[in-house]
1. Out of all the residues in the range 341-362, is one or more free of Cβ contacts under 8 Å to residues at least 24 places away in the same chain and among the hydrophobic types (A, V, I, L, M, F, W, C)?
2. If you check Ser224 against the conditions, is it at pLDDT 90 or above, hydroxyl-bearing (Ser, Thr, Tyr) and under 21 Å from Leu120 (Cα atoms)?
3. Residue under question is Leu288, and the condition is that it be in contact with a strand residue (DSSP E or B) (Cβ under 8 Å, 6 or more places away or on another chain), farther than 30 Å from Tyr379 by Cα and modelled with pLDDT of 95 or more; does it hold?
4. Those residues that are surrounded by 21 or more Cβ atoms within 10 Å (Cβ to Cβ), of a type in the set (Gly, Ala, Ser) and under 21 Å from Thr164 (Cβ atoms), I need them from the range 215-264; list them, please.
5. Against the definition (surrounded by 15 or more Cβ atoms within 10 Å (Cβ to Cβ) and touching a Lys or Arg at 6+ places or on another chain (Cβ under 9 Å)), how does Pro161 come out, yes or no?
6. Report yes if Thr87 is within 17 Å of Ile213 (Cα to Cα), surrounded by 15 or more Cβ atoms within 10 Å (Cβ to Cβ) and either among the polar types (S, T, N, Q) or without any contact (Cβ under 8 Å) to a residue 24 or more places away in the chain (or both), otherwise no.
7. Which residues, taken from the range 48-88, are closer than 14 Å to Arg319 by Cα and part of a helix (DSSP H, G or I)?
8. Quick check on my filter: what residues within the range 1-39 are in a loop (DSSP other than H, G, I, E, B) and either loosely packed, with under 12 Cβ neighbours inside 10 Å or modelled with pLDDT under 95 (or both)?
Amino acid sequence: MLYATPSLTSADERVLAEIGAMRSDLQHAVRQAPAKWTQDLRRALTASAIAASNTIEGFQVDVHDVADLMDGEREGIDASEADKAETLAYQQTMTYIQSLYDVEDFTYSKGLLNSLHWMLQGHHHTVRRPAGQWRRMPIFVSAAGDPLSTEYEAPHEDQLPALTGELVDWLNSGDLDADPLIRAAMAHLNLVKIHPWVDGNGRMSRSLQTLVIARQRVLAPEFSSIEEWLGMPGNTWDYYKVLREVGGPVYSPERDTGPWIRFNLRAYHEQAQRVQHRVQRSTDVWVLLDQHADSLGVSERQIAALHEAAIAGRVRRSRYEKSEGLNAQQATRDMQGLVKAGILAAVGQTKARHYVTGDRFPQAVLDAAQRRHTIHDPYAF
């Protein structure tokens, strides 16, 4: 038996409708935007999701370093080798999930779940703590700060084949009349409470939620994930709290899942607000840079480097080279020209070097990139 999808309240229905409207607007905005800066935005959102998920699990890698690791950079990354490995493993998992976005003959299966888990945890694989296989031992989730205090006891390992089989069947054919955002939240809850693996259950459950949303095909997976929102300190605390309250101290599928759905609807809504603001800032920055191009004496392709420096706070030569399809000599010449003109400034040496905005970088562009916004709780009305 799985945790059941609850009936929605009138407030839930209102919030869900608002989310749908924002996602529709985002879909239109993304389709209208030039592919170049949409690609940059998708990369930035992926990096934010990975960095946030790492933070939830206690792995500390700055979002800028995550973006650099995604591009194959290894020098100048301020993170331990272990944290780098976790980041790259999660990137691999998310890349595969993103590739399943529009597969026509897609189906969920136990094999798919275990394959995703191997991508995530394969570098930790041992006989006692296997990756890509259901656990063969009891699991007790400890309370924060007290490793001997059991907060949640997962189902017995002998129950896993049946429970995961029921979950897969539900993913393929259960509650199909429910909104995909609701189904995605319930997929997350059920997988994390079944807790079928020794490690990586939280990240797997959040990844499954992203996959279920993405399969709706309204927005690309990068625009659908709520992991960035979940990784914010206050939200992370609320996340663990609602999982504890709804899930119970042991596997209890008869419990009311309404609070979990309301928590997720708030997360979807607030993250959609954040992405809307980010899309608008990205658009405004590109337009302003295009308007300043002649006075700055920069080429159309150099605008891409300036856009990333404004939005992300820094840009690497190697990243610019790949995004614009240049050779190393062309990219180096372009970056040196921007530094010489005072538009960018170099930080660091050799392979660890990156570029930030310089003294001649247009202030109007920076103002647009750093424009503040307010996020409101959709249930606070």
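The values are calculated or read from the model by the stated rules, or taken from the named source; none is laboratory data. It should be emphasised that the depicted structure is a prediction, and the values quoted were computed from it without experimental measurement. As a convention, Cβ positions derive from the backbone with ideal geometry for all residues, glycine included, and neighbour counts pool all protein chains shown.
1. Looking only at the range 341-362, we keep the residues that are free of Cβ contacts under 8 Å to residues at least 24 places away in the same chain, and these are 342, 345-346, 349, 358-359.
Still in the list and also among the hydrophobic types (A, V, I, L, M, F, W, C): 345-346.
So far as the range 341-362 goes, yes, one or more of its residues are free of Cβ contacts under 8 Å to residues at least 24 places away in the same chain and among the hydrophobic types (A, V, I, L, M, F, W, C).
2. Values: at pLDDT 90 or above: no; hydroxyl-bearing (Ser, Thr, Tyr): yes; under 21 Å from Leu120 (Cα atoms): yes.
The answer is no for Ser224.
3. No: the conditions fail for Leu288.
4. The one that is surrounded by 21 or more Cβ atoms within 10 Å (Cβ to Cβ), of a type in the set (Gly, Ala, Ser) and under 21 Å from Thr164 (Cβ atoms): Gly247.
5. no
6. Working: within 17 Å of Ile213 (Cα to Cα): no; surrounded by 15 or more Cβ atoms within 10 Å (Cβ to Cβ): yes; either among the polar types (S, T, N, Q) or without any contact (Cβ under 8 Å) to a residue 24 or more places away in the chain (or both): yes.
So Thr87 fails the test.
7. Those that are closer than 14 Å to Arg319 by Cα and part of a helix (DSSP H, G or I): His64, Asp65, Val66, Ala67, Asp68, Leu69, Met70.
8. First, pick out the residues of the range 1-39 that are in a loop (DSSP other than H, G, I, E, B): 1-9, 33-34.
Correct list: Met1, Ser7, Ala33, Pro34.
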